[in-house]
Amino acid sequence: MEETESSRTAVLVCQARAVAHGRLAPGRFDDPIASALLRPDERAAVERVRSDEPPRGMGPRLEFEFLRATAEGLVPRTVAIDDAVRERARPQLVILGAGLDGRAWRMPELADTAVFEVDHPRSQQDKRERAAALPPPAGKVAFVPVDFTADDDLGEALESAGYGTGRPTTWIWEGVVPYLTRAEVAATLRALTEASAPGSRLVVHYQAPSLAASIGRPVARAMRRLSRQPDPMAHEPWRSAWTPAAMRDLLAGQGYTVADDTDLLSLAEALGMPVRTPRSLRSGRVLIADR
Ligand SMILES: C[S@@+](CC[C@H](N)C(=O)[O-])C[C@H]1O[C@@H](n2cnc3c(N)ncnc32)[C@H](O)[C@@H]1O
């Protein structure tokens, strides 16, 4: 991420959840907070997709299709992570690279959980401004600014916000690993492990290597440039992809046991939701590991 601006991919995935709300996997996926976190122009783009009427012109059509496809991936990943959080209540939940995550506001199950939202300082400032208009969260939320690519001490930052290293924690690391190098992923994992009491759980969403994605992303970028469409990924390039075996080895090295590691397409199929873009879901994965 660039130092000067807040995350645009955080806005994109929030828009995608707003697109999906009430339409994809109803009864299993639900995110009424997403729309409330968006600015009016961002919400207008969501409404265009929800209208199901593709706009004319290459630029608007590109934005429409991209947002519609992103919404399909967000549903299985959100449901799998929510289920992993609900499976066993722990006194603390840390959301790493929280962006515009609405869990602290939309999950009543978190009423007795201390939630810590960790994010890059720029993105977190943006979130705090947007969240000011939300109804109160289910329980307590603390905002903890940390840059995973700098020398920031994650454990220290959390402790100064009231985090207790002796208490079990559920960690959510969703939509962040691809934006970090392998070394930054390993260093962040070491830091969160040091701050994890026995009985903690780590839920990671990551990207497996994919030929379709490595061709598709530069093509999409070129098409956006041609049609003078803003690129939400312009300042947030992907830096690491992990095979399931490599991710499992990394976690085993820190003492984790993997309870589940499933691709987004299988998760979407299990939800019985229609999928228009199966290829882009195949390489995204949600892994649950305990320690
Ligand atoms: C695609 S968004 C995902 C947001 C959220 N987890 C979700 O799934 O809705 C990527 C998030 O990673 C955060 N991020 C990226 N690089 C980071 C870094 N070096 N340090 C801290 N956070 C970072 C961004 O600020 C942004 O909130």
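The values are calculated or read from the model by the stated rules, or taken from the named source; none is laboratory data. Here the structure is a predicted model, which means the values were calculated and not measured. Here the Cβ positions follow ideal geometry from the backbone for every residue, glycine too, while neighbour counts run over all protein chains shown.
Kindly check whether there is at least one residue in the stretch 70-90 that is modelled with pLDDT under 95 and closer than 30 Å to A114 by Cβ. Show your work before the answer.
Taking the stretch 70-90 and keeping what is modelled with pLDDT under 95, we get 88-89.
From what is left, the residues that are closer than 30 Å to A114 by Cβ are 88-89.
Yes, that holds for at least one residue.
Close Cβ contacts (under 6 Å, 6 or more residues apart or on different chains) running from residues in the stretch 229-254 that are hydrophobic (A, V, I, L, M, F, W, C) to residues that are surrounded by fewer than 16 Cβ atoms within 10 Å (Cβ to Cβ) comprise A241/P209. Please determine whether any residue of the stretch 180-192 is crowded, with 20+ Cβ neighbours inside 10 Å, in contact with a strand residue (DSSP E or B) (Cβ under 6 Å, 6 or more places away or on another chain) and closer than 19 Å to L287 by Cβ. Checked against the condition, which is being crowded, with 20+ Cβ neighbours inside 10 Å, in contact with a strand residue (DSSP E or B) (Cβ under 6 Å, 6 or more places away or on another chain) and closer than 19 Å to L287 by Cβ, the stretch 180-192 yields at least one hit.
Filtering the stretch 153-177 to residues that are near the ligand (Cβ under 8 Å from one of its atoms) and of a type outside the set (A, V, I, L, M, F, W, C) leaves E174, G175. When the stretch 1-51 is filtered for residues that are of a type in the set (K, R) and within 12 Å of the ligand (Cβ to nearest atom), the ones remaining, listed by number, are R8, R17.
Name the single residue that is surrounded by the most Cβ atoms within 10 Å (Cβ to Cβ) among those in the stretch 132-176 being assigned to a loop (DSSP other than H, G, I, E, B) and polar (S, T, N, Q).
Here is the first cut: in the stretch 132-176, the ones assigned to a loop (DSSP other than H, G, I, E, B) are 132-139, 146-153, 161-168, 174-176.
Retained after the next criterion (residues that are polar (S, T, N, Q)): 149, 165.
Numbers: T149: 16, T165: 13.
Here the residue is T149.
Applying the criterion of being closer than 13 Å to L93 by Cα and buried (at least 16 other Cβ atoms within 10 Å of the Cβ) to the residues of the stretch 111-131, the residue that is nearest to the ligand (Cβ to nearest atom) is V118. For beta carbons closer than 7 Å, sequence separation of 6+ or different chains, a first residue in the stretch 14-25 that is at negative phi and among the acidic types (D, E) and a second that is outside any helix (DSSP H, G or I) and more than 10 Å from the ligand (Cβ to nearest atom), there are no qualifying pairs.
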